[in-house]
Each structure stands twice: as C-alpha cells, then as structure tokens.
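No lab work stands behind these numbers, since they all come straight from the coordinates. Note that this is a predicted model, so its numbers are computed, not measured. In this analysis, Cβ positions are derived from the backbone assuming ideal geometry, glycine residues included, and neighbour counts consider all displayed protein chains.
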Amino acid sequence: MRPRARPVLVAGLALVTLIGGLGYAAYLATTREVPQAGGRMVEGLVVDGPLSLLPPFAAETQNSRDLSSLLYRGLTRPGPDGRPGADLATRWEIDPQARVYTFHLAAGLRWSDGQPLTSADALFTLALLQGDQLSGSLAGQAWANITAVAPDPATVVYTLPAPSAPFLGQTSLGLVPAHALNRRAPETLRAATDAPTSGPFMVGGVERDRLHLDRNPHAALRPLLDGIDYRLFGSEDGAIAALVAGDIDMVASILPKDAARLAGRANRGVLRSGSFAYAQVLLNQAQGALADAQVRRALAAAVDRQAIVRDDLGGYARLDSSPIPPTITWASAKTPGPAHNLAAAANALDASGWKLPAGGRVRQKDGVPLSLHLAAPDSDPYPAVAQSVARDLARAGIAVKVDVYPQVRLLSDVLAGRKFDMALTPIDNGPDPDVYIFWHSAVAGAPSYNFSGMARDVFLDKDLEDGRFNPDMKARADAYADAQKILAANQPAVFLYCPDVIIGVNQRLRGVTLPAGMEPGGRYASVTGWYVQTRRVKR
C-alpha cells in the first residue's frame, strides 16, 4: 500500500496549491496596493565641490543648490512654467513701481527643532546675504542694497533700490533660522550642517562620503520616506554603475549618453523634464562678415537644429528659438525658429556677395574666404554640438574651426574679452524671463554680459525695460513677445535647444513625478510623495 501514498500526497499538494493560487488571485483582485510610510532611499551625487547646505552659501555648486532646496523653503517657489508660487508666504502685495514687496507668512510654521519660523528669519537671512562673507558672491550682489522690515512675526516688507519685477522669483531662496545661527561666527556658516531646517527633511548625520537626511517631524507636509541617504561619487560613470547595480535609487542631472545606457535596463529607467536653460551660438556682430544680418540669417538656416537634438543629445532636448526657453510658457516665443534650409542659406550668402568659387568649397568675397572660429565649452555634450554646427556650416560653404575652452575661460577671457567670431554658450537664466543683462544696450560693451555687439534698438530696450520693471504679468508677457520678434529679425544668435533635465531612477522608488519645467533641484517638488514600501487595502 505504501507505494500509492506518494501520488496521493502529490495530488493533495497540487490541490492545495491550486486552491491557494485561486485564493491569492482573489486577494489581488479585491485589494489594491497603496504607498506606506517608512523606508529610506539612496541617491548618488557626483562631487562638484564642497557642500554648503545653508541657502545663502549654496549657489556655488549644483549639489549644494539641490540639497538646500530640499532642506530649506523660501517665501516663494518656481512653478512648472517659471511663475513664482506660494511657499512659506501664502500671499504678497507689490507696489505699482515694483519696489516694495510685502509677504505674509503661513500660520504655524516651525523649524525642525520645533521653534517658530517668523519674519525675523527673513531679516536674518538678508543680513547674512549682505554680510562680508557673501558681498562678492552672485547671491550677495543680487540682494545688495535691499532693505527689509518686519511689522509683525508673520509679515516681511522688502524695499528695493530700483524697480524689479523678477524679484518675486528671487525670493525662492530659502530662509535660515535666526535663533540657531545668530550667535555663530558668519565665517563658520558655509560648512554648517547642523542648523534646523524648514523642508521635509533635516540633516541626520554626515560622513566623509555620506550624508543622511531624516524626516523633519515639524514639516508642513510629512514625507512618506523615513529619510534619504546620499552617496558621493567622484565621477558620473561611478554613479551610473551603482544605479545599474541597484546600489542606489537615483542619480540626477545625467547626460544624454548615460540616459541611453539606462533606458533599456530592467528595473532601471529615466525621467525627464524640460529645463530653464538653453544653448545658443552667439554671433559677434563686430566681426566683419557677421555684421551683415543676411549672413547671420544664412547661418541660422544652415544649422540643422533637429539633427543636433536627435544625434548629439539623443532626443533629450527641445528646439529653442529665443533667449527665453519654451518651458517658460507664459513668456516664451510661440514660433519654432528658423527651419533648416541649405538652399535658402546659399541664396542669402550669394545675395550678400559671399560666393563659391569654381570648384571651391569655401565662399569668398573680394578674395577673402568666409572662415570663422567657433568657441565652445569643453564639457559634454558641447564639443560634439560644436562639431555638428561646424559641419552644417561647411555644407553652406563656410569654413569653421572649433576651439574648445574650459567654461571659466570661455566666459572670463573669450566672451568677456569679445575675442570670438561665434561662441556656443549654454545659459541657465533661471525660471524668470528677464534677459535685460544679455541684450539691453545700456549694458553693451565690456564689462557686461551683452557680448553680441548688436546695435542699439530703442524698441528692444523699451521691451526689456517693461519686462524688468513692470510687475504686471500680462504687460511683461507682451513686452517679451515683442522683444523676441525683434531678436528673431536681427538674428544675433542661432538659438539651438533647451536641454532636458534627466534623472536616472531605480524602479523600487515610486511616486517620483517631475514638473514640466524645472531646475535640477526641482526634482524634489514631489518628494513628500516618494515611497519604497507599500501595503494592500480593500478596493
């Protein structure tokens, strides 16, 4: 009888398995998975300099800016179209001259140590920005000569030395806690990591190559994650390898070439968002051939911008047609920019007197070849983009030599010294469309950021003034619409593309959503909804 026991036992187990499977299937059908609080995620940061977590000092490196935006809240924060929205302040008033800004703080705000967050913290932050430690920095210069008063703990009033409609976006800079820092020596604050925070997380610990954040118990919106652990890497390759291996959950601001490595990986992937940055080929109108608007328009028609986005950027960008990128939807141009058209470029050059000699490849005028230099940054992907531009222009009969420079030298020597014919310049002007410093005639010539040598245009100047000094959003939008038409007619630059912000993610981390337009630190906009643990509940 014993030989028959095994088949009976096997059949019984099969029946139990079938019943169990049916029961589990029914369980799945009658329940749904929902996020559960708890657990930690790990993000990889590629080292780009010393970390400074306090917002006034954080402008120096991208990592510092990103972490600061996660730990500290400002009075406002940029929305997905660049317009400022409420954060610590729930409402504000602006005087008609755009010089006096009054902010009203939300009720019940607290720092991570439980102390109240008040307008005194705004006054202390301003004093820090205007102190000796930051007077020469970009942040210090942006806040110079601004005064502030606090009529009560929930109100702060800023008075500006001159009208400034973009100031509202400037107030996204995080406030710092006066009660914890006002007795510390200012020179020690750049490296401070123990100050109370106002964001969803606070600093839990610091190691040589690690930074640990824990949930802020007094956060206005409680995050699901217990915390975030950061690992520091010496290279992007190391961070990407750790993500592929499953050792970390996120890497931010990766390059298009690395996005391609992740896109096909199981349980790894990329998220993308538009940025507020753009890349342009700036044309120096002090250079003989480029003084002719018809030649500049020919260059714009000769460059195949779509091919650059497709081939050099892997599709991780969108075409741009002006110095106001398309992500700033309320103010950007609605036109696609010049179409790639070699025939039109050739006709324009012919009409300007630049003709191809018989059997020649480079156009000439009065025996002088149309030969230009293109300066470009040495960081990816710009050398490849510059070579693509040079190849496109060569097809139109323009000889181009690409000169690659470190970014600091490109700005301080080549651009500032006006020592260029053409320059591939990546620019991140932030979420506000104010481009006064790049194109107004009042700031033409050295030293300034108006490098193009464009002749004064009183109508453009008026548009840029209205955009900078008028706080009315419709008036600003109208002014920038007209300014972009004038720039398009003059063609002082070939505006190429607006690059995407690309985030690599491990799919165990869920709930990550990105705004339509953002700076790299904007990836934390939805951080309170990120999670790594789930539970099932009845449908």
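Modelled label positions at ALA263 and VAL404, each set 7 Å beyond Cα in the direction of Cβ, lie 2.3 nm from each other. Annotation: for a label point projected 7 angstrom from Cα along Cα→Cβ of ASP237, residues of the range 368-410 with backbone N closer than 16 Å are 380.
Among 124-137, 178-191, sorting by the average number of other beta carbon atoms lying within 10 angstrom of each residue, highest first, gives 124-137, 178-191.
Scanning residues 5 or more positions from THR31 or on other chains, those with amide H under 5 Å from its amide H are ARG539, with H placed 1.01 Å from N in the peptide plane. Considering only ASN470, PHE420, TYR436, and ranking their Cα positions along the charge dipole of the range 411-501 that arises from unit charges at the beta-carbon of Lys, Arg, Asp and Glu, the one farthest toward the positive end is PHE420. Within a straight-line Cα-Cα reach of under 21 Å, LYS419 can be paired with the following lysines, leaving aside sequence neighbours fewer than 8 residues apart in one chain: LYS401.
Label point of SER371 set 7 angstrom out along Cα-Cβ; within the range 280-294, amide nitrogens under 18 Å from it belong to 287-290. The alpha-carbon of LYS538 sits under 15 angstrom from the alpha-carbons of these aspartates and glutamates, leaving out residues fewer than 8 places away in its chain: GLU33. Provide the percentage of antiparallel DSSP beta bridges, counting only those with both residues in the chain; round to the nearest 5. Looking only at bridges with both residues in the chain, the antiparallel portion is about 75 percent. Taking each residue as 0.36 nm, the span from ASN341 to ILE94 lengthens on full extension beyond its C-alpha to C-alpha distance by 84.2 nm.
To the nearest Å, what is the center-to-center distance of the range 234-282 and the range 389-457, using C-alpha atoms only? After rounding, the separation between the Cα centres reads 28 Å. Its relative contact order, with pairs defined as Cα atoms under 8 Å and 6+ residues apart, puts the chain at 22 percent. Across the cross-link table entries LYS257/LYS334; LYS334/LYS462; LYS334/LYS355, which are compared at the Cα atoms, the separations over 25 Å belong to LYS257/LYS334; LYS334/LYS355.
Summary of packing: across the peptides 293-303, 426-436, the per-residue average of other C-beta atoms within 10 Å ranks them, highest first, as 293-303, 426-436. Per residue, the chain reaches -8000 deg cm²/dmol at 222 nm when only DSSP H runs of four or more residues are counted, each adding -39500 (n - 2.57). Peptides 336-343, 368-375 ranked from most to least packed, by the mean per-residue count of other Cβ atoms within 10 Å: 368-375, 336-343.
Three semi-axes describe the equivalent ellipsoid of the range 90-182; taken as square roots of 5 times the Cα gyration tensor eigenvalues and ordered largest first, they are 21, 18, 10 Å.
For the pair THR193 and ALA25, a Förster radius of 45 Å applied to the C-beta separation gives a FRET efficiency near 0.35, rounded to the nearest 0.05. Across the range 206-302, the volume of the C-alpha convex hull divided among the residues equals 228 Å³ per residue. What FRET efficiency comes out for VAL458 versus SER412 if R0 is 41 angstrom and r is the Cβ-Cβ distance? Round to the nearest 0.05. For VAL458 and SER412, the calculated efficiency is 0.85.
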